[in-house]
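To start, the structure itself, in structure tokens.
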Amino acid sequence: MTSNFNPQFSKIGEILVNNGKATESGINEALAQQKTTNDKLGVTLIEMGFIEEDDFTNAYSQQLGYRKADNFILLEADSSVAALIPEDFARENRVLGVSKNDTTIVVAMEDPEDVVAIDSIKRLTSLNPDILVVGPTLLEKSLDKVYGDIQKTAEVAETIDSITVVSGEEGSQEIVDLSPDKASDEDAPIVKLVNLIFIESIKERATDIHIEPMEKQVYVRIRVDGVLQTIMTPPVSSLSGLVTRIKILSNLNIAEKRLPQDGRFSIKSPGKDIDIRVSILPTVYGEKVVMRLLDKTGFDFNLKSLGFPQRNLGTFKKVINQPYGLVVVSGPTGSGKSTSLYAALKEIKSDRTNITTVEDPVEYQLDGVNQVQVFEDIGLTFGATLRSILRQDPDVLLIGEIRDEETADIAVKFALTGHLVFSTVHANDAPGTITRLLDIGIAPFLVGSCLNLVMAQRLVRKICDKCKEEYTPTNEELALVGLDSSKINGPLYHGKGCADCRNTGYRGRLAIFEMIPMARDLRKLVFDNANEDEIRQSALNNGMITLRDAGLERVLDGTTSVEEILRSTVEEL
């Protein structure tokens, strides 16, 4: 900047040129463009790529004689001060309260020349505004963070008063009060931190909570829509208290830190009944805690809402209404296998049918279905329970998982003696599920005789409706996913990211399926102990749609993105 240059008596373009952030030719080009768009010069310069947003904010603050709000100032914004300005007003007028004293409130504004907004802030707060200049992108991020924290704090304070914990094993009635005022002064901060983790996880629809110790800090991550997201990083000094608190809630040994431990407890609150399964594993930096959250308040899915395409829906309904046989759903942990089978039970249950399930754990409670929880510690195993159920006159049986030869043998015998049996298996795809059943130890002629349908599935994230926008994928993306551009008849979409989806671009999930009804030629292949490749080719000849192709259909109809299908499926080689 030249020594005699006074930015407060200069135009914004002159200030940018004097600061070395723009050229006169660039300013003139932007001025010509501005005549057609009617945007402000700064907006035009940024959109044309001549300057960065921070360059403009710096020049604007010099022109007006105000300080510039940097990232550090806004990150340190006092949420109690921001709360003095209602969120709707703050977003509409592009302002954020940062700090205050007895007479003054420091306010970051995108447009400090908006005298109407400044006058309104005076009336709202009864304080004199001290203005900081801020760019639109930084302000938007700060508004999301600060008002999100305000909302979270209010929800936590309201919710903690109304939730209780049932500690220990199923059937125990030992109630543990989560309220911080019930804890000692020494423990109260840890109690508040644990409560905050639980409530934030429930609010965000998380299925798992991970508390992971590292060398310098602890990461708290939650799994939302199948993907882990970091929600806080408390100091390493808090780890011992966090783990001890969770062990107390789970009735675990707080003195044992060398061995893995498993426990459980339940959270009860208005409208929510959450069963939490706890796993603690010693690592080099301390004990890692993983908690699985199971919402037991009710099951509101049906076959259509799960995402069954019409061609699969008719086939699946036909098979589950058969009087006997075996239906197996496969996929990795967390792929929605149990949810699909629950939806099937909901579809076929009636007053004329006796349905019994054997599960570990019981994930949802279904009215009209007899559900049995396995307890290995007391000898209530899958095998022992299934042998007893045979005397309970069942019509339909759901076995949570075929884990070993004993469970598989009982499932096959049920299916061959007039019962309809549903179960799950861990396998990568539908053809691999058949070979997995053979590997467990079931004879090929039994598998071929009793198996009615095999279905593999994955859960893919849906594009957030609030920030969904059209986009054009690169040729590399299309090649990676195996999508021919000639098959794209309409626009493709992705999520830009917003506060509603935690800036991920996705909210909610649906299933994609790979289904094999057991046709006559497939049964013959199984009888002949054919290999997986032969079974796959026969299934493809009979019209099987692979998981990758099922996912691409969801890309083409705008439900999910190319990126998500690449993450969730593999290409058939």
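Maximal additional length on extending the Tyr471-Asp500 stretch stands at 8.4 nm, based on 0.36 nm per residue less the C-alpha distance.
For the pair region 357-420 / region 479-515, the C-alpha centres are spaced 38 Å from each other. Using the Cβ-Cβ distance between Met48 and Ala519 with R0 set to 60 Å, the FRET efficiency from 1/(1 + (r/R0)^6) comes to roughly 0.45. Only beta bridges with both residues in the chain are counted; by DSSP, about 65 percent of them are antiparallel.
Placing unit charges on C-beta atoms (Lys and Arg positive, Asp and Glu negative, everything else neutral), compute the dipole magnitude of region 8-153 about its Cα centre in debye, rounded to 20. It would help to have the intermediate numbers written out before the result.
On the way: 14 positive and 25 negative charges, 45 e Å.
Roughly 220 debye for region 8-153.
The GluC sites (Glu not before Pro) of region 350-392 include none that meets both criteria, a DSSP state outside H, G, I, E and B (loop) and at most 16 other C-beta atoms within 10 angstrom of the site's C-beta. How about Lys35: which aspartates and glutamates have a C-alpha closer than 20 Å to its C-alpha, ignoring those fewer than 8 places off in the same chain? By straight Cα distance, Lys35 reaches Glu14, Glu24, Glu47.
Would you mind working out the magnitude of the charge dipole of the chain relative to its Cα centre, with +1 at each Lys and Arg C-beta and -1 at each Asp and Glu C-beta, to the nearest 20 Debye? All intermediate terms of the calculation are to be shown ahead of the outcome.
Details: 62 positive and 86 negative charges, 225 e Å.
Around 1080 debye, computed over the chain.
Within region 348-405, DSSP assigns beta bridges of which about 10% are antiparallel (rounded to the nearest 5).
Relative to the Cα centre, the charge distribution of region 356-490, modelled as +1 at Lys and Arg Cβ and -1 at Asp and Glu Cβ, gives a dipole magnitude of about 280 debye.
For Thr504, the residues whose modelled amide H falls within less than 5 Å of its own, excluding neighbours fewer than 5 places apart on the same chain, are Cys498. A straight chain from Leu480 to Glu29 at 0.36 nm per residue would run longer than the Cα-Cα distance by 158.4 nm. With R₀ fixed at 56 Å, the C-beta to C-beta distance from Glu405 to Asp88 puts the FRET efficiency at about 0.35.
The label point for Asp262 and the one for Asp367, both projected 7 Å from the Cα toward the Cβ, are 3.3 nm apart. Karplus-based coupling profile of region 550-561, in residue order and whole Hz: 5, x, 5, 4, 6, 5, 5, 8, x, 7, 9, 10, with θ = phi - 60° in 6.51 cos²θ - 1.76 cosθ + 1.60 and x standing for Gly or Pro. Restricting attention to region 189-289, lysine pairs at least eight places apart or on different chains and with alpha-carbon atoms under 25 angstrom apart total 20. Treating r as the C-beta distance of Gln537 and Ser350 and R0 as 45 Å, the FRET efficiency rounds to 0.70. Solvent-accessible area per residue in the chain equals 50 Å², computed with a 1.4 angstrom probe and all protein chains kept. If the chain linking Glu553 and Leu313 were pulled fully straight, counting 0.36 nm for each residue of separation and taking away their Cα-Cα distance, it would gain 84.9 nm. Taken along the Cα-to-beta-carbon direction at a fixed 7 Å, the label points for Asp439 and Phe527 span 2.6 nm.
Could you tell me what percent of the accessible area of the chain is made up of carbon and sulfur, with a 1.4 Å probe and every protein chain present? Before the final figure, lay out the partial values.
Values: 13630 of 28380 Å².
That fraction is 48 percent.
The values are calculated or read from the model by the stated rules, or taken from the named source; none is laboratory data. Since the model is a prediction, treat every value here as computed from it, not as a measurement. Reconstructed Cβ throughout: ideal geometry from the backbone, glycine too, with neighbour counts over all protein chains shown. SASA here: full protein model, heavy atoms, side chains in, ligands and nucleic acids out. Shrake-Rupley method; radii C 1.70, N 1.55, O 1.52, S 1.80 Å.
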